[in-house]
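Have a look at the structure below, then the notes.
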């Protein structure tokens, strides 16, 4: 169930002064209603003009005190900004409390003059006014009551103000985290490209002297892949269809590079093509499949790229031939830079709501699989 604070406008758009005035007005109205209820309830005298002698002066008292109360509360809200020492800040709040608590009795008798024309039914005037206002015992009693009332309101306002400060800090922290996360993802995406760039350029360089025609074709394919890579590197997400298009071009270059030693296949679930995945997420998986599949065998290596959707789950899998008796599995197969970056990207985007596994399968195959929540691509 949403709390009061979740229903408030965004914290940055709230005018603190207007909020303070509104809350103060609400608290002061409650105080007036409570005081009138007690005063009228305890006054059993008959034949008394209740408006002139009871209700009116109390209402006028609260009207006169409201600006003073707001000014004292606004000053209290600024104490922490200008006074860093806890003891001095407490003394400042105490001083403001006493300033306000000493005023209500004066305001009450002013209210009597405004409403009733005198401080009592007997028609006494200014001399009696000051004597009545500063009578020691009644004045101290009123001072204590108003001091407590002021502090209760102050605690409420300080609590609200602190809560709003914490909410603003949470918003700022969220914005900083979002910026950091975007910068981190940009860095991780940038780290996925150099291996492919270096390998492709090395292959082109090797072919320039021995087979210029193949080098020219490979260079044209490489320029297409590079253009897509640069474009996709600027986006956080791509569709499965776009990822597969990139993977086909990428593998075409690698097939040229390895000739008969590399064979590629695609097993595509049509229901998965509209899914949304992190851009260029397949490239390091395919790169690992080629690298370790080729190095693991002197024969050919069949790389299979598979996508499928199962309910709310999208699965991307890249597998290659794996001959366990040929050589031990390299630790880099599971903990290399490429897969580490993939895992960090997935953690940054999905938190813990994903799986990334790399393991041997029956039939002398090695598979690396990514499973993420299925999300439809928006905007076409």
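No value in this document is a laboratory result; all are computed from the given coordinates. Just so we're clear, the structure is a prediction, and the values are computed from it rather than from any experiment. Reconstructed Cβ throughout: ideal geometry from the backbone, glycine too, with neighbour counts over all protein chains shown.
Computed quantities for the displayed model
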| item | result |
| --- | --- |
| Packing-based ranking, highest mean first, of 160-167, 252-259, 77-84, 275-282 given that Cβ atoms within 10 Å are counted | 275-282, 252-259, 160-167, 77-84 |
| Sorted peptide list for 220-229, 206-215, criterion being average Cβ within 10 angstrom, highest first | 220-229, 206-215 |
| Rounded to 5, the percent of DSSP beta bridges in the range 192-373 classed as antiparallel | 80 |
| 23, 303 arranged by Cβ crowding within 10 Å, fewest neighbours leading | 23, 303 |
| Footprinting exposure proxy for 219, 18, 88 (fewest neighbouring C-beta atoms within 10 Å first) | 18, 88, 219 |
| Rounded, prolate or oblate (a/c below 1.5 giving rounded, otherwise prolate when a/b exceeds b/c) for the range 192-373 by Cα gyration tensor | oblate |
